[in-house]
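Read-outs: derived from the displayed coordinates by stated rules, not from any lab. None of the values given here were measured: they were computed from a predicted structure. Neighbour counts run over all protein chains shown; Cβ positions are idealised from the backbone, glycine included.
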Amino acid sequence: MKSTHIMAGVMGWPVSHSRSPVIHNHWISEYGLSGAYGLFPVHPSQLEAAIRGLQALGLAGCNITIPHKVDAMRFVDWVDPLAVRMGAINTIVVQQDGALHGFNHDGYGYVQSLREAQPNWQADTGPAVILGAGGAARAIVVSLLDGGATDIRILNRTLSKADDLAQEFGMAVRALNWSERADALEGAALLVNTTSLGMNGESALDIDLSKLPISALVSDIIYVPLETPLLHAARLKGNTTVNGLGMLLHQARPAFHAWFGVMPQVTPQLKNAILATF
Ligand code: ATR
């Protein structure tokens, strides 16, 4: 029988920086639920044991973060087809019968964050330029394709990784040289930075935005700082910008729904609670 006190958490290594406890515990309190969401620092060598222990401990599930998102797929009993295409999971839900199901809500979170800035945003509005070809870029590519995107341009420092994505996802996805990033912006409707460039402590992303249409949405999945040099430059140019906080908050919603049975909302109060932790 399921306890009415519901527990979940996030496994990562390291994990102390994660804002997920703030988000989920905020919702637990906001919706008057009984439960808790904690941090689980899990060394890679212990990942399988930790995941297999979820059911024995009576947890509703957990989030999976860096560096476990790819490896964790091997230790669950079933992976959602969307997560299979993304090649990673960020959420595990323990089923009634104890089976572990894996999901990936990163792409959902990203699209919802764009819709917060532009409620009518559609992936098929025009070309999308993605900087970076790591795990986050992969999740975003899948979401854009599912939204009907037909022209996705991926630019990565290591071209071979962008090539791999283009090969895997077909005609709509093209890999371009990192050195072509300024020209690739021509006619774009969306620009997203998924590299670590512009994060606190890293160098800024060096890109000339002059060819980017003013109608393009410019987004960064970084949220520390909230306004990266890229977003700052885009805002001064007159483009609408979207920072990474929305992706973080919105990816958490379907996981919370699966564990706690309530689809929570992203409110200004929640945003303030997160901002207070910076
Ligand atoms: P995530 O899961 O957040 O996507 P990741 O898989 O480690 O993280 O990917 C990081 C991305 O940032 C990669 O595309 C990486 O480029 P490489 O594939 O060439 O490593 C990119 N990146 C990191 N540091 C960079 C830098 N100094 N210049 C350009 N790109 C960089």
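Name the shape class, rounded, prolate or oblate, that the alpha-carbon gyration tensor gives for the range 1-71, where a ≥ b ≥ c are the square roots of its eigenvalues, rounded holds for a/c under 1.5, and otherwise prolate holds if a/b is larger than b/c and oblate otherwise.
On the way: a/c = 3.03, a/b = 1.38, b/c = 2.19.
The shape class here is oblate.
Using the Cα centre of the range 138-198 as the reference point, and only Cβ charges (+1 on K/R, -1 on D/E), how large is the resulting charge dipole? Debye, rounded to the nearest 20.
180 debye
Given Cα positions, please report Rg to Rh for the range 107-243, the hydrodynamic radius being the Kirkwood one.
Rg divided by Rh gives 0.92.
Explain nothing, just the number: relative contact order of the chain, from Cα pairs under 8 Å at least 6 residues apart, as a whole percent.
15 percent
So for the chain, taking the charge dipole from beta-carbon charges (+1 Lys/Arg, -1 Asp/Glu), which of Tyr31, Ala56, Gln96 sits furthest toward the positive end?
Tyr31
Enter the angle in degrees (range 0 to 90, nearest 10) between the Cα long axis of helix 106-117 and the first principal axis of the Cα atoms of the chain, meaning the one along which they spread out most.
Compared with the principal axis, the helix lies near 60 degrees.
Measure off 7 Å from each Cα along the Cα-to-Cβ vector at Arg115 and Ala273, then give the distance between these two points in nanometres to one decimal.
According to this spin-label approximation, the distance is 2.2 nm.
Starting from the Cα of His43, step 7 Å along the direction of its Cβ; do the same at Arg235; then give the gap between the two resulting points in nm.
Going from the His43 label point to the Arg235 one covers 4.3 nm.
Whole-Å semi-axes of the range 63-168's equivalent ellipsoid, largest first, each the root of 5 times a Cα gyration tensor eigenvalue?
Details: eigenvalues 132, 62, 24 Å².
Square roots of five times the eigenvalues give 26, 18, 11 Å.
Expressed as a whole number of Å, what is the distance separating the alpha-carbon centroids of the range 14-53 and the range 164-185?
36 Å
Round to a whole angstrom and tell me the spacing of the C-alpha centers of the range 218-253 and the range 68-121.
22 Å
Starting from the Kirkwood Rh over alpha-carbon pairs, what translational D in µm² s⁻¹ does the chain have by Stokes-Einstein at 4 °C and 1.567 mPa s?
Values: Rh = 19.3 Å.
It comes out at roughly 67 µm²/s.
Sort Arg138, Arg153, Arg74 so that the residue with the fewest other Cβ atoms within 10 Å of its own Cβ comes first and the one with the most comes last.
Fewest to most other Cβ atoms nearby, the residues stand as Arg74, Arg153, Arg138.
For the range 1-92, state which chymotrypsin sites (Phe, Trp or Tyr not before Pro) are in a DSSP loop and have at most 16 other beta carbons lying within 10 Å of their beta carbon.
Sites meeting the loop and neighbour criteria: Tyr31.
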